[in-house]
Amino acid sequence: MMGGMASEETRTAQNPTAQNPIAQTPAADTRRTPPTRAWATRLVVVGIVLSALNLRPAITSLGALLEEVRDGLGMSGSVAGLLTSVPPLCFAVFGVTAPRLARRFGPAAVVCAGMTAITAGLLIRPYAGGTAGFLAASALTLMGIAVSNVLMPVIVKRWFPDRVGSMTGLYSMALALGTSVAAAVTVPLTDALGGSWQSGLAVWAALAAAAVLPWLPLVRERGTETAPDRAHAPVRAAQDRQPPLRITRSRTAWALAVFFGLQATAAYITMGWMAQIFRDSGVPAGTAGLLLAVTMVMGVPLAFVIPRVATRLPHQGPIVLLLGVCGLAGYAGLYFAPAAGAWAWAVLLGISNCAFPLALTMVGMRARTGPGVVQLSAFAQSTGYLISIPGPLLVGVLYQQSGGWGVPIALMAGLMLPQMAVGFLAGRDRIVEDEAAAR
């Protein structure tokens, strides 16, 4: 951790707001830190972890039961492909509203509302009746996920400016844990609840409801500086009064947005269709769910390690290439021997999916100021999820038209090549504020 922090301190030498003010504050001042701020910081950590746990179960639980949902609602393969495209569509549409909402109500209040929307959507979705109601309730859930997705890097940067790598790793690790647990236990949990897919999907609302609680005391927190960071309040105020960053002038911002979009395409194809690929190759439903869980659980340790390693490197491109090679190997295995080497392909694709925490880390590294991180996070995620919309839908159409998984898997492998290229460009040591100003 000390090495990662040293690297971050080097990058933030130009930005007083990102330095650790505790190191510059006399011991007496530190002792006078209001205890309310200490518990607020602890609540933020708990809130980040619980929120991250809820950012993917709505998607992976559906992936594990997709065949049952299709049969229950009478969906065709194309409509099921549309269903798997709804998450990135909602993330693109609703994610762009997060910065404006955060400025008006505060990031904590918006995340609290997001967790509430997830809870309501998960409760309503299985019992909405018909495909249209199912999609509408899913959209409500995904709206809550979208705004929380965008604001998590912002909250990390503002509350923990000297620990961006480690806190992003903690958040990413919790996200991967929630994703993998939902994939692993949804099928057996559904069986334990009487075999109803409605119950198997609705049960995840309880976890979302728990994530609402730590944000409630923080709803009125408009600013997110920790108590020692108040020493730099004038500097932050001056930054916040600066005109909005013209983010579209930054080549690095575009590269990061496209990288985010292509890794999201791979992730949502995996979450929506991988269990079905294994089931169609003869793997039992319960085992297919476990294989999806293995893919997701690889992100638990790696999502904590990769951001910390990334913050120590001046160029994150080599990590991008390594993850991409693992993805290509996993897709090759799915194409030639999906059942025979299922566990190996699940592991390789799980490693490849760790491009997500890497992308989040680069969002925090490629912007110098808090407002810059807000804009870059919203731009990269909203644009990226917009780019990822056609992928899962196209896989469903190709699967139905070709009658097998050969063509869809070839598409997945082909998309990995541009992902590696733009990720390498996004990994260069650049600052989007400098690029936008220079142009």
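The values are calculated or read from the model by the stated rules, or taken from the named source; none is laboratory data. These numbers were taken from a predicted model, which means no experiment stands behind them. Positions of Cβ are generated from backbone atoms using ideal geometry, with glycine treated the same way; all protein chains shown enter the neighbour counts. Ligands, DNA and RNA are stripped out before the accessible areas are found, and what is left, the full protein with its side chains, is counted by its heavy atoms. Shrake-Rupley method; radii C 1.70, N 1.55, O 1.52, S 1.80 Å.
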Given a 1.4 Å probe and heavy atoms of the protein chains only, how would you sort Glu433, Glu68, largest accessible area at the top? Glu68, Glu433
Expressed as a whole percentage, what fraction of the accessible surface of the stretch 254-313 belongs to carbon and sulfur atoms when a 1.4 Å probe is rolled over the protein heavy atoms? 75 percent
Mean Cβ-within-10 Å packing, highest first, puts peptides 317-326, 383-392 in the order 383-392, 317-326
So the carbon and sulfur contribution to the accessible area of the stretch 112-151, 1.4 Å probe, in percent, is 81 percent
Run a plain Debye calculation on the stretch 269-419 (Cα atoms as equal point scatterers, no solvent) and give log10 I(q)/I(0) at q = 0.15, 0.18, 0.21 Å⁻¹, rounded to two decimals, same order as the q list. -0.83, -1.11, -1.36
Computed P(r) (all Cα pairs; the stretch 389-439; 5 Å bins; percent): 4, 17, 17, 15, 10, 10, 10, 8, 6, 3, 0
Apply the Karplus parameterisation 6.51 cos²θ - 1.76 cosθ + 1.60, with θ equal to phi minus 60°, to every residue of the stretch 183-188 and state each ³J(HN,Hα) to the nearest whole Hz, in sequence, with x for glycine and proline. 5, 6, 9, 4, 5, x
Å² of accessible area per residue within the stretch 129-186, as computed with a 1.4 Å probe and no ligands counted: 21 Å²
Förster radius 35 Å - calculated FRET efficiency between Ala192 and Asp429 (Cβ-Cβ, nearest 0.05): 0.10
